[in-house]
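The values are calculated or read from the model by the stated rules, or taken from the named source; none is laboratory data. The shown structure was predicted, so the numbers you read here are calculated from the model rather than taken from an experiment. Here the Cβ is made from the backbone with ideal geometry for all residues, glycine too, and neighbour counts use every protein chain on show.
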Amino acid sequence: MNWISFEQLYDSIQKHPKKVFIDFYADWCVPCKRMDKEVFTHPQVKAMLNNDYYAVKMNVESPDTIRFGEQTFINERLNRRNPVHQIVLLMARRKNRPFS
């Protein structure tokens, strides 16, 4: 898979717009590991995602600051029991509205 970062995504979309596939995962997530092993290695899935989408992979508990264009996202919940990153929460709440 040709995974890219959110920062790379912003630049790529500006140059060549296409759909985006985001795989949010956690290190402890068993189904996520299974997806990595069984789905993302499948030749047809890899070809489709690599050709038709920008594929972004992100750990939902990442402490990293993410810059997407002029927007900055941080993990405000890092020291909490459920340290889900701000960008994940934002996308989960958007209810079919475009993200820009």
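Residues that are hydrophobic (A, V, I, L, M, F, W, C) and either within 14 Å of the chain's Cα centre (by Cα) or loosely packed, with under 14 Cβ neighbours inside 10 Å (or both) within segment 41-55 comprise 47, 48, 49, 55, listed in sequence order. Taking the criterion of being surrounded by 14 or more Cβ atoms within 10 Å (Cβ to Cβ) and over 22 Å from residue 64 (Cα atoms), the residues of segment 2-40 that qualify are 35, 40. Counting only helices (runs of 4 or more DSSP H) that sit completely within segment 19-100, those holding 2 or more residues that are out of contact with any strand residue (DSSP E or B) (no Cβ under 8 Å at 6 or more places or on another chain) and modelled with pLDDT of 90 or more correspond to 30-34, 43-52. Within segment 9-18, the set of residues being part of a helix (DSSP H, G or I), free of Cβ contacts under 8 Å to residues at least 40 places away in the same chain and of a type outside the set (D, E, K, R) comprises 14 only. Candidates are the residues of segment 1-18 that are at pLDDT below 90 and touching a Lys or Arg at 6+ places or on another chain (Cβ under 7 Å); the one that is nearest to residue 63 (Cα to Cα) is 7.
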